[in-house]
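The values are calculated or read from the model by the stated rules, or taken from the named source; none is laboratory data. Predicted model only: the values in this text are computed from it and were never measured. No Cβ is skipped: glycine too gets one built from the backbone with ideal geometry, and neighbour counts run over all protein chains shown. Calculation scope for accessible area: heavy atoms of the full protein, side chains included, ligands and nucleic acids excluded. Shrake-Rupley method; radii C 1.70, N 1.55, O 1.52, S 1.80 Å.
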Amino acid sequence: MQDFKIKRAKAFSAELEVPGDKSISHRTVMLASLSNGPCEISGFLPSEDCLATVEAMRMLGVSIEVLEENDYGPVRLLVHGVRGQFTQASGPINCGNSGTTMRLLAGILASQPFESELIGDASLSKRPMGRIIKPLELMGAELKGTGDKQTAPLTIIGSKELHGIDYILPVASAQVKSTILLAGIAAKGKTVIHEPAPTRDHTERMLNFLLVKTLREGNAVSTWSGQTPESRDLVVPGDISSASFWMVAAAATPGKVLRITNVGLNSTRSGILKILVRMGVHINEVVDESGAEPRGTIEIHGGKLRATEIGGDEIPNVIDEIPILAVAAALAEGRTLIKDARELRVKESDRLSAVADGLRRMGVAVQEFEDGMEIEGGAVLKGAEINSLGDHRIAMAFAIAGLFADGETLVKDVECVNTSYPGFDKELKQVMEG
Ligand code: S3P
């Protein structure tokens, strides 16, 4: 899978299920490893990012059995928790392209009485790590990044004597919040984290499900020392961020009805549904709240899209959906404004510049700002050559744009799709062939 050659869509599926949620899959393996016994994980996402987390935990002495595989890799695992007592890895732990692996793992390693080194690929090695180094140092661990920007490789000298902190997050980041929570359960006293805006709450939910106490009070979340997660089985719902590509494709096709089943519908992640409704899409939602994570079925009724404004506290909720929402904006009538989204500049690529550049290549008028962009919708898209920059969400967003364009769109460097959505190419082929 080198490039995607995209032509106009012939027929979208009427119903589909997407693979397991990436954020939740990482957390199942980490929290199960911290727990006091065996945990079976089902619905696991067999993507490169999540497999990096599995390999990392194995390097730290956790036994992880594969109980079931699909065409892409393991989907059911049995993790033998080590009660938070890991063994030192024999060498650097490779987090690949995965920011979640590197940042959350640093939170776990901060309380281990040994030195660890975390490395990543070229993209991950450019991403800011100062945001986790600072709070973990305040808690008593020693961390060292590389260069002025404190990027990976990252060295962590853990301490058994961590202490809780009261910390105001400078940026709304679920990864940083989770890093501090994971260190917090091994630190003396209480740890409090104040968020500038709500971010995905999978870590808190899963900790609570494993009987570790966390408390949410307004914008603050707290946890307490000395808590070992209880071994319990964990179920991962489908990834709403992966589903979002097909949601937008269906939403922009008048008359189309698409059902997506078994998809995660956690309200800290489902902001895209609200935005699509604002854009004129009719959506039916059936939610099952009985498990640790809400899940359910959504039905998207395609129609004429209209422009909207996306910004403020809504941004962290749709942080991974902005590229595909920008494509939706290009297909909508009117001018869409995306603002307060500066964080997109430090994702797997600079997603603001990648999206603006790609849309312009397809004939869309875009004005890029430091924290967002304005997109003039309604032009007929024209096929173009798009470089994914090795960023999975850019590759998939422009593959969808290509389905609505005149002529052929070539999306280059698409191996990266396997970091979050193995099987995307198969679904795409089906849509193009009808
Ligand atoms: C994630 C949080 C978000 C998101 C990333 C996954 C997580 O990152 O973009 O894909 O699993 O906690 P930030 O915390 O950096 O915003």
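List of remarks:
- Sorting Phe369, Phe86 by accessible area puts them as Phe369, Phe86; the probe is 1.4 Å, largest comes first, and only protein heavy atoms count.
- Prolate/oblate/rounded call for region 257-408, Cα gyration tensor, a/c under 1.5 rounded: prolate
- Accessible surface for Lys22 stands near 20 Å², nearest 10, in the context of the full protein assembly shown (1.4 Å probe).
- Largest GNM mean-square fluctuation across Ala220, Ala401, Ala56, computed for the chain with C-alpha springs under 10 Å, falls on Ala220.
- Table column - 3J(HN,Hα) (Hz), region 299-316, Karplus curve with 6.51, -1.76, 1.60, x for Gly and Pro: 10, 9, 10, x, x, 7, 8, 10, 5, 8, 10, 10, x, x, 5, 6, 4, x
- Note on region 92-171: Rg/Rh from Cα positions, Kirkwood definition for Rh, rounded to two decimals, is 0.95.
- Area accessible to solvent at Phe114, 1.4 Å probe radius, in Å²: 30 Å²
- Each peptide in 99-106, 58-65 receives the mean, over its residues, of other Cβ atoms within 10 Å, and ordering these scores from highest gives 99-106, 58-65.
- With R₀ set to 35 Å, the beta-carbon distance separating Lys382 from Val257 gives a calculated FRET efficiency near 0.80.
- Mean projected area of the convex hull spanned by the Cα atoms of region 365-434, taken over all viewing directions: 5.5 nm².
- Of the three principal axes defined by the Cα atoms of the chain, the extents in descending order read 61, 44, 41 Å.
- When the alpha carbon coordinates of region 167-279 are projected onto the principal axes, the ranges are 57, 34, 18 Å, largest first.
- The gain in end-to-end length when the Val277 to Val66 segment is fully stretched comes to 71.9 nm, 0.36 nm per residue minus the alpha carbon separation.
- For region 171-289, the carbon plus sulfur part of the accessible surface works out to 54%, probe radius 1.4 Å.
- Largest-first ordering by accessible area, 1.4 Å probe, given options His80, His202: His80, His202
- Pairs of C-alpha atoms in region 22-223 farther apart than 21 Å represent 48 percent of all such pairs.
- Spatially near lysine pairs across region 22-223, Cα under 19 Å, sequence gap of 8 or more or different chains: 18
- Solvent exposure of the chain as accessible area per residue, Å², 1.4 Å probe: 37 Å²
- Mean residue ellipticity (222 nm) of the chain, computed from DSSP H runs ≥ 4 via -39,500 (n - 2.57), nearest 500: -8500 deg cm²/dmol
- In this view, the solvent-accessible surface of Leu67, computed with a 1.4 Å probe and all protein chains in place, comes to about 70 Å².
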